[in-house]
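See below for the structure under consideration.
The values are calculated or read from the model by the stated rules, or taken from the named source; none is laboratory data. This is a predicted model, so every value here is computed, not measured. Positions of Cβ are backbone-derived with ideal geometry, glycine not excepted, and every protein chain shown enters the neighbour counts. The accessibility values were calculated without ligands, DNA or RNA, using every heavy atom of the protein model including side chains. Shrake-Rupley method; radii C 1.70, N 1.55, O 1.52, S 1.80 Å.
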Amino acid sequence: MTVAEQSTPVRGIPCWVSLMTRDLPATQDFYGTVLGWTFRSGTLGEGFTVALVDGLPVAGIGQVAPGLPTAVSWTPYFAVENVDATTARVRERGGTIAVGPIRLGPGRGAVAADREGAGFGFWEGRTPPWSFGRDHPPASLELRTSHAFDSAIFYAEVFDWASEEPGGCEVGYAYQQDTVVVRQGGRTVATLRGGGDASSPDPRLRPRWHVRFRVADLEAATGAARAAGGTVGPPVDSPADGAEAVIRDPDGGIFTVCAHPPDTP
């Protein structure tokens, strides 16, 4: 077993991000060009790969089974102690379960959607050391939602945020900005922002979890994405991450690149 398979994350924190795509080799080429990733086989079976930067795991990319009507999207996963109990809590609070619970490699997981349709996953078991045991996680997560406080209640009840248990996640709410910040060990692990609009043509405003990858040169990354067949939105300034741009890969997966690391007070 490798070091990347020997860690069990803190309950409730983001522990992984993954993308399911229809053309795995083409998708690997795209992200390798834009973000400099390399790839190795994963532990979840054939068709699943792990993206690496400087030998450290940053994300998973898997192949959608032929004919399966699965949306191509980046999905954040949160660590849980019991995937069955978490599944029940999601349903009890008005969310839906799209996949699972199922066993995959060293653990069990499920993919769900919250009350506004934002997709997310949760995982029981060991994972690569993604948002723990590192100076900075390889990506930051932001939920765009119509009302941050209401969404924070949903996720807090599902993942036991703000339980006041030692080492658990703390939640802070800024009413005037309609923003909720989730921290663990003094570090921001997720941000929930209001102002989302399900009818907006702008993917940045629809209810969804946005996965932000840090890049050293925003202009170089967006230029490489265009050259590789991606679609790039205009750069904007994020309250936490500075300049950023939304990119849609050739298969439809949406992600964000930002020029600065996430807030790590």
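Structure notes:
- Evaluation of ALA118 against (1) in contact (Cβ under 8 Å) with a residue 24 or more places away in the chain; (2) in contact with a Gly (Cβ under 6 Å, 6 or more places away or on another chain) (one fails), failing number: (2)
- Count of the range 141-162 residues which are touching a residue at least 40 places away in the same chain (Cβ under 8 Å) and assigned to a loop (DSSP other than H, G, I, E, B): 5
- If you go through the range 86-97 and keep only what is on the phi < 0 side of the Ramachandran plot and either exposed (fewer than 14 other Cβ atoms within 10 Å of the Cβ) or of a type in the set (Asp, Glu) (or both), you end up with ALA88, ARG91, GLU92, THR96.
- Here GLY117 clears all of (1) open to solvent by 20 Å² or more (accessible area, probe 1.4 Å); (2) under 26 Å from CYS258 (Cα atoms); (3) in a strand (DSSP E or B) except the condition numbered (3).
- Hey, ILE102 open to solvent by 20 Å² or more (accessible area, probe 1.4 Å), without any contact (Cβ under 8 Å) to a residue 12 or more places away in the chain, of a type in the set (A, V, I, L, M) and under 19 Å from GLY196 (Cα atoms) or not: no
- Number of the condition not met by GLY229 [criteria: (1) surrounded by fewer than 16 Cβ atoms within 10 Å (Cβ to Cβ); (2) out of contact with any Pro (no Cβ under 8 Å at 6 or more places or on another chain); (3) at pLDDT 90 or above]: (2)
- Qualifying residue in the range 189-196 (condition: under 20 Å from SER73 (Cα atoms) and either surrounded by fewer than 15 Cβ atoms within 10 Å (Cβ to Cβ) or more than 16 Å from the chain's Cα centre (by Cα) (or both)): yes
- One residue from GLU124, GLU81 being open to solvent by 60 Å² or more (accessible area, probe 1.4 Å) and farther than 26 Å from VAL215 by Cα: GLU81
- If the condition is being open to solvent by less than 10 Å² (accessible area, probe 1.4 Å) and at pLDDT 95 or above, then the range 153-179 contributes PHE154, TYR155, VAL158, PHE159.
- Residue count for the range 151-186, restricted to those that are farther than 16 Å from LEU141 by Cβ and among the aromatic types (Phe, Trp, Tyr): 2
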